[in-house]
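Taken together, the values in this text are just the output of simple stated rules run on the coordinates, not laboratory data. Every value quoted in this text rests on a predicted model; they were computed, and no experiment measured them. Here the Cβ positions follow ideal geometry from the backbone for every residue, glycine too, while neighbour counts run over all protein chains shown.
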Amino acid sequence: MGNKSAIQEEFEIRSIYQEKVKKNCQKEIEDFVQCATNRTISVIWKCRQQSHVMRDCLKNTIDQTSEWGLRSHQDEEKQKAFKNQTEK
């Protein structure tokens, strides 16, 4: 982690969290995007099924992926790095 500010660390955690969610639901997101491409208001009814599938995947992934778990893991990594630096 080094000498990062709290804002930088927060941004990094959020980015990791969002990437995990996107990666897990990549197919569902791509299916929705493919359906929605070149549509305007009709996306509401033409892509309803893809939207529901994508939303369910995102919701389930968010429920399973704890942002606080990521924070805890990063805190452990920072503590290990600090310990290694102080032991040298």
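Return the residues of segment 1-58 that are over 14 Å from the mean Cα position of the chain (by Cα), under 30 Å from Phe82 (Cβ atoms) and not acidic (Asp, Glu); say none if nothing qualifies. Result: Met1, Gly2, Asn3, Lys4, Ser5, Ala6, Ile7, Gln8. Of the helices (runs of 4 or more DSSP H) contained entirely in the chain, those carrying at least 1 residues that are among the aliphatic types (A, V, I, L, M), surrounded by 11 or more Cβ atoms within 10 Å (Cβ to Cβ) and without any contact (Cβ under 8 Å) to a residue 12 or more places away in the chain fall at 26-36, 43-46.
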